[in-house]
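The values are calculated or read from the model by the stated rules, or taken from the named source; none is laboratory data. In this text, all values refer to a predicted model and were calculated from it rather than measured experimentally. Here Cβ is always computed from backbone atoms with ideal geometry, including for glycine, and neighbour counts include all displayed protein chains.
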Amino acid sequence: MKWCVLLTVVLLGYARGSYVIVKDIGVPVLRTPDSRFSHLAQLGYPWAPKYLYLKMSGLTSSLRVHYIDEGPHDAKETLLLLHGVPSWSFLYRTMIPVFLAAGYRVVAVDQIGFGRSDKLTDPNDYSHTLQTSTVELVVSSLNLQGVTVVMQDLGGPTGMSAVIRDPGRYRRLVFINTLIPQGDILDSIFSVKSYSPMLLWRALNTVVGRNVPVGGVFKIASDAPEDAIIGGYVAPFPSNLYKVGASWWPNVIPLVEDDPVAIEMQKVAAFLKQWKNPVLLGYSDREVFTIPGRTALKRILPGACEVTIPDAGHYLQEDQGPAVAKMIVSFIKQDCGPDLHHLQPSNFGLAGLLAFG
């Protein structure tokens with residue numbers, strides 16, 4: 001299976017790496033040089049960087065958080081785009097033009113440790129609270145209202161923690177290849193089996209640490225072209241010293257119910273059961289890591305609009321970005337009404353069949 005190859009690539013990265021995890025390298029925060037991002041416009045990411053600053057206990061200086069904010073600020077619709085591991089807002093580069101063409105305001109955030117945001121060097125600093133605070137900082141500082149939040153990978157638990165803290169700002173929820181882990185992963189043999197790709201990925205990231213081969217991940221887990229991998233996904237990491245977040249953030253996924261993140265996600269699940277606004281669940285046909293999340297979200301949100309995106313892997317924004325963006329625009333316009341079920345696959349530019357549940 002393709003994900004088995006991916007895990008092999010991670011192990012090879014460890015074997016070939018020149019660094020190991022070091023708790024203290026004498027520099028608590030690293031910042032990727034701007035020169036590493038000089039070719040972004042040619043790769044379809046032309047937007048000017050914007051920054052906010054997040055205060056963190058134990059640090060004398062604030063952490064720089066990168067985001068982009070495009071489209072009219074008085075737009076009727078605002079989209080907040082959240083990424084996971086080991087990507088950044090570059091992942092949404094082929095979707096953003098579709099949203100802008102629809103007249104929407106688009107805000108995409110780089111979590112701490114990723115993209116153009118600062119990188120912490122101590123793995124213990126990469127907490128769920130830190131990443132949630134990053135989202136809260138952007139949303140509150142920009143005073144975003146009527147938000148449709150798009151959450152992929154670990155953007156799901158991070159985004160939902162931000163939502164339950166200030167739910168009045170959010171209008172719609174879009175879950176794509178993500179999960180809301182409530183600490184039940186080890187409850188049964190069946191559960192362990194269903195989560196096995198994610199568990200292996202989590203364990204191997206812990207083993208290889210800063211040696212995680214980011215380029216190899218995207219070569220195996222997406223259809224990204226070589227120039228996008230090197231100039232986009234690898235660019236934030238000049239050396240393995242910058243990869244602590246990429247290797248450590250997956251460890252926030254809770255395995256048992258009394259884990260603080262599991263308790264938080266149990267609150268999220270209770271919140272979602274009372275959520276009355278539209279929800280879209282979009283999972284790709286080649287996804288393996290978050291499929292259990294789809295099953296759980298369908299159980300929590302039986303009225304959600306459900307879509308299967310063909311010809312796409314875990315990073316569906318990379319593999320079918322414009323099509324996924326058009327799907328979200330249609331969802332926003334119709335609030336998952338009956339007309340959405342009659343849309344033709346050609347409207348999305350997909351080679352396969354869209355199955356609406």
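Residue pairs whose Cβ atoms lie under 6 Å apart, sitting 6 or more positions apart in sequence or on different chains, and linking a residue in the stretch 115-138 that is free of Cβ contacts under 8 Å to residues at least 60 places away in the same chain and under 14 Å from Val65 (Cα atoms) to a partner that is in a strand (DSSP E or B) and β-branched (Val, Ile, Thr), are Ser117/Val65.
Scanning the stretch 87-106 for residues that are in a strand (DSSP E or B) and either surrounded by fewer than 24 Cβ atoms within 10 Å (Cβ to Cβ) or touching a residue at least 60 places away in the same chain (Cβ under 8 Å) (or both) yields a count of 1. Restricting Ala228, Ala221 to residues that are surrounded by 19 or more Cβ atoms within 10 Å (Cβ to Cβ), within 21 Å of Asp34 (Cα to Cα), under 20 Å from the mean Cα position of the chain (by Cα) and aliphatic (A, V, I, L, M) narrows the list to Ala228. Considering only residues in the stretch 48-65 that are small (Gly, Ala, Ser) and either in contact with a Leu (Cβ under 9 Å, 6 or more places away or on another chain) or under 25 Å from Val106 (Cβ atoms) (or both), the one that is surrounded by the most Cβ atoms within 10 Å (Cβ to Cβ) turns out to be Ser62.
Taking the numbered list (1) surrounded by fewer than 23 Cβ atoms within 10 Å (Cβ to Cβ); (2) part of a helix (DSSP H, G or I) in turn, Asp184 passes all entries but (2). Beta carbons closer than 7 Å, at least 6 apart along the sequence or on distinct chains, pair a first residue in the stretch 186-198 that is modelled with pLDDT under 95 with a second that is charged (D, E, K, R) and surrounded by 11 or more Cβ atoms within 10 Å (Cβ to Cβ) for Ser191/Asp184.
Restricting to the stretch 35-46, and then to whatever is in a helix (DSSP H, G or I) and without any contact (Cβ under 8 Å) to a residue 24 or more places away in the chain, can you tell me which residue is nearest to Asp227 (Cα to Cα)? Filtering the stretch 35-46 for residues that are in a helix (DSSP H, G or I) and without any contact (Cβ under 8 Å) to a residue 24 or more places away in the chain, the one nearest to Asp227 (Cα to Cα) comes out as Ala41. Of the residues in the stretch 246-258, not one is of a type in the set (Ser, Thr, Tyr) and either in contact with an Asp or Glu (Cβ under 8 Å, 6 or more places away or on another chain) or modelled with pLDDT of 95 or more (or both).
Screening Val149 against (1) surrounded by 23 or more Cβ atoms within 10 Å (Cβ to Cβ); (2) assigned to a helix (DSSP H, G or I) leaves a single unmet condition, (2). One residue stands out among those in the stretch 187-201 that are of a type in the set (A, V, I, L, M, F, W, C) and surrounded by 21 or more Cβ atoms within 10 Å (Cβ to Cβ): the one that is nearest to Ala296 (Cα to Cα), which is Met198. For the stretch 309-322, the set of residues classified as touching a strand residue (DSSP E or B) at 6+ places or on another chain (Cβ under 7 Å) and among the small types (Gly, Ala, Ser) consists of Ala312, Gly313, listed by residue number.
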